[in-house]
1. Please state which one of Thr94, Thr81, Thr100 is at pLDDT below 85, surrounded by 14 or more Cβ atoms within 10 Å (Cβ to Cβ) and either more than 19 Å from the chain's Cα centre (by Cα) or farther than 20 Å from Tyr161 by Cβ (or both).
2. Using beta carbons and a limit of 7 Å, which pairs, at least six apart or on different chains, have the first residue in segment 73-102 and without any contact (Cβ under 8 Å) to a residue 40 or more places away in the chain and the second one of a type in the set (Gly, Ala, Ser)?
3. At pLDDT below 85 and touching a Ser or Thr at 6+ places or on another chain (Cβ under 7 Å) - does that describe any residue in segment 134-152?
Amino acid sequence: MKWFDDFFESKSRRVAQSSSRRSALITIGKLFVGTAAALPVLPFDRVGNSAHAAEGKKKVVEDDTSCDYWRYCALDGFLCTCCGGTISSCPPGTEISKVTWVGTCRNPADGKDYLISYNDCCGVASCGHCGCNRNERERPGYRLGVHNDINWCMANTSNSYNCTVAAIVGVGDARN
């Protein structure tokens, strides 16, 4: 096996004496560029541009028992409208959470942005109907006031979660 080691040692020394590290990097770079030019172009997604074009053509959902209803843009939980309550009031036997998270949702009917307060209704076991998980403009967990993955019933006497309401608390300014 000594002949094998001697052969590669002599070849390596010859290459090291006749070239520099910079020229080796240039050669490797040329090899990569040449290979990339010979490869076919990878496919890419053109849907992104079409999705924005289709936004204006979206059908406006006015059903407050559907997850696609505009007020539910940052909601994560069960809809109180399917559990015996309304869009802004808890079902009988439950109480509204003392803490809340907020989201800003655009009403497609009038084009205005609304500040929505999402309150959990607490005190009775989970409703289990009309579960929604929409996370538009959700923030990471360290910004608790705009994070929807927390049991907000923790401040109430009973921390049992039932459903979530979406009450409008403000209208955005139309300053452009």
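1. Thr100
2. Listed pairs, sorted by first residue: Pro92/Gly84; Gly93/Gly123.
3. Yes, the conditions are met somewhere in segment 134-152.
The values are calculated or read from the model by the stated rules, or taken from the named source; none is laboratory data. Only a predicted model underlies this, so the values are computations on that prediction, with no experimental measurement involved. Every residue, glycine among them, receives a Cβ derived from its backbone with ideal geometry; neighbour counts consider all protein chains shown.
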